[in-house]
Amino acid sequence: MLKVNEIKEVKKKDFLTIAEYSPEEIQHLLNEAVQMKALQKKGIPHPYLSGKVLGMIFEKSSTRTRVSFEVGMIQLGGQAIFLSNKDIQLGRGETIADTAKVLSRYVDGLMIRTFGHNIVEEFADNADIPIINGLTDTHHPAQVLADLLTIYEHKGDLKGLKLCYVGDGNNNMCHSLLEGAASVGMHISTASPEGFEPLDSIVQGANQIAEKTGSIVSCGHDPIEAAKDADVIVTDVWTSMGQEAEAEERIKQFKAYQVNDELCSYAKQDFIFLHCLPAHREEEVTASIIDGPHSVVFDEAENRVHAQKAILKVLMESN
């Protein structure tokens, strides 16, 4: 991690993907998250966003995203407003552009959890306030910032570690992990069934970042090869929101990609296991792993608050 006196200012309006931030800016956000957590644990007030209001638009349901952003704003001295698609005129056909322009007059920032990534991009193009991606079908950068914070806490460093992702590669978690790992100099190997590989554009972008940081990006189909000597193993559900009709077929296709004791035996003895939750035990991961001594999923969930506070502070403090 960068030392405090080496932190560079992040000059960004929005937080849509990790790839849009330089490696130095990602380090800056992680340092802010470390400091946010330290202040909170010591009970030291840190009302950096006193008087600020975050609007939160949810087209997909959530536990961790909603609570972490709302609690984060409260701990930063501000407030958050929950807006489902039933609560605002988006659900009745108002354009994204009009909604973005109106809400820019009311709140100081918008967090959006939705389906197509083009939706958060259109909000960003039309809003005068920071737009934060709380999740799209393609990217989940806020979660991955919390993941990197968790890995750092348990491993003491990030650069040079190997992260293994097993499961659906054409998945928002896999995409943001590729970008995030490359940004901090971690090596990343992914293993997915044929037809479920990460998007070529994401892999190419991660490789471009890796050229600057010394990371190695490897995407394939063999879960054992991906897990060999891994410091970190990560997976996600096989059936994401909006794919429920495919669940039965996906279980068959992903059967060989379960994170279990056998697969994890190829990782380093002190590996840690991450999952963004919610998890389907005995599908993508066995209970012996997610509930076992290598699992840090609840530290990871807690760190959503601190990572989100870093994003909020950096984007909204001077807005």
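Pull out a ≥ b ≥ c, the square roots of the eigenvalues of the alpha-carbon gyration tensor of segment 92-135, then state rounded if a/c is under 1.5, prolate if not and a/b is larger than b/c, and oblate in the remaining case. Judged from the Cα gyration tensor, segment 92-135 comes out oblate (a/c at least 1.5, b/c at or above a/b). Averaged over residues, the count of other Cβ atoms within 10 Å places the peptides 148-155, 288-295 in the sequence 148-155, 288-295, highest first.
With each run of n ≥ 4 DSSP H residues scored as -39500 (n - 2.57), what mean residue ellipticity at 222 nm is computed for the chain after dividing by its residue count and rounding to the nearest 500 deg cm²/dmol? Working shown, then result.
Details: 12 runs with 131 residues, N = 319.
Computed mean residue ellipticity for the chain: -12500 deg cm²/dmol.
Helix 141-155 and the long axis of the chain differ in direction by around 60°, with both axes built from C-alpha atoms. If you look at the Cα atoms of the chain, you get an Rg and a Dmax of 18.9, 55 Å. Taking a temperature of 25 °C and a viscosity of 0.890 mPa s, what whole-number D in µm²/s does Stokes-Einstein yield for segment 143-300 with Rh from Kirkwood over alpha carbon pairs? Translational D for this selection: 161 µm²/s. Using C-alpha pairs under 8 Å with a sequence gap of at least 6, the mean separation divided by the residue count of the chain gives a relative contact order of 20 percent.
Helix 23-41 and the longest principal axis of the C-alpha atoms of the chain enclose an angle of approximately 80°. The charge dipole of the chain, taken about its Cα centre with unit charges on the Cβ atoms of Lys, Arg (+1), Asp and Glu (-1) only, comes to about 1220 debye.
The residue list T190, L16, G214 was ranked by how far each Cα lies along the charge dipole of the chain toward its positive end, using unit charges on Cβ atoms, and L16 comes out on top. Sorting 245-258, 59-72, 272-285 by average packing, meaning the other beta carbons within 10 Å per residue, from highest down gives 272-285, 59-72, 245-258.
No lab work stands behind these numbers, since they all come straight from the coordinates. Here the structure is a predicted model, which means the values were calculated and not measured. Don't worry about glycine lacking a Cβ; one is built from the backbone with ideal geometry, like all the others, and counts go over all protein chains shown.
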